[in-house]
Amino acid sequence: MCDHHDLGALGSAVNKRALQRQLEMLAEMGCNAIRTSHNPPAPELMEFADQMGFLVMDEAFDCWAIQKRPADYHLLFPRLARAGPAGARPARYRNHPSVILWSIGNEIPEQGKGRGWRGHRERTVRLRA
């Protein structure tokens, strides 16, 4: 299931018991895997995922260079791509057994273009130079 960072009406601030309860309810429904959504997951989520046996796909970006909205992540991507999957992001949760993969993006417009997946690699390599 896709887990957006907020807890509904409780908002975005982490409430550990509410987060734990959310995961308990998901487990009761048979859910065993979580896809985080376009932002770093809370450390508390990762701790609960490890403890409760969830598998986690840690997702990085909501877009790359092609914008979806005027003030979206495309403005930050060139500067922060290195902190994403190709940079610090895997290191952040490398000791969490729940993380089984890192996503390089969600519904990325570039994926339908001729350069497709190569665009992220080329941008990241260029940014590191």
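Among the listed residues Arg35, Arg69, identify the single one that is of a type in the set (Lys, Arg) and free of Cβ contacts under 8 Å to residues at least 40 places away in the same chain.
Selected residue: Arg69, the only one of Arg35, Arg69 that is of a type in the set (Lys, Arg) and free of Cβ contacts under 8 Å to residues at least 40 places away in the same chain.
Which of the residues spanning the range 44-54 are of a type outside the set (A, V, I, L, M) and buried (at least 16 other Cβ atoms within 10 Å of the Cβ)?
To start, the set of residues in the range 44-54 that are of a type outside the set (A, V, I, L, M) comprises 44, 47-48, 50-51, 53-54.
The answer is Phe48, Asp50, Phe54.
Only one of these conditions is not met by Pro41: (1) over 14 Å from Asp3 (Cβ atoms); (2) open to solvent by less than 20 Å² (accessible area, probe 1.4 Å). Which number is it?
Only one criterion in (1) over 14 Å from Asp3 (Cβ atoms); (2) open to solvent by less than 20 Å² (accessible area, probe 1.4 Å) is unmet by Pro41, namely (1).
If the Cβ limit is 9 Å and pairs must be 6+ apart or interchain, which residue in the range 1-13 that is free of Cβ contacts under 8 Å to residues at least 12 places away in the same chain pairs with which residue that is open to solvent by 50 Å² or more (accessible area, probe 1.4 Å) and hydroxyl-bearing (Ser, Thr, Tyr)?
Correct list of pairs: Asp6/Ser12.
Can you tell me which of (1) at pLDDT 75 or above; (2) within 21 Å of Val14 (Cβ to Cβ); (3) of a type outside the set (A, V, I, L, M); (4) touching an Asp or Glu at 6+ places or on another chain (Cβ under 9 Å) is the one Asn106 doesn't meet?
(2)
Considering only the range 1-38, how many residues are open to solvent by less than 40 Å² (accessible area, probe 1.4 Å), at pLDDT below 85 and of a type in the set (A, V, I, L, M)?
Looking only at that region, the number is 1.
The values are calculated or read from the model by the stated rules, or taken from the named source; none is laboratory data. Everything numeric here is computed off the predicted structure, so don't read it as measured data. Counting neighbours? That spans all protein chains shown, and the Cβs are built from the backbone with ideal geometry, glycine included. Keep in mind that these areas ignore ligands, DNA and RNA; they rest on the heavy atoms of the full protein, side chains included. Shrake-Rupley method; radii C 1.70, N 1.55, O 1.52, S 1.80 Å.
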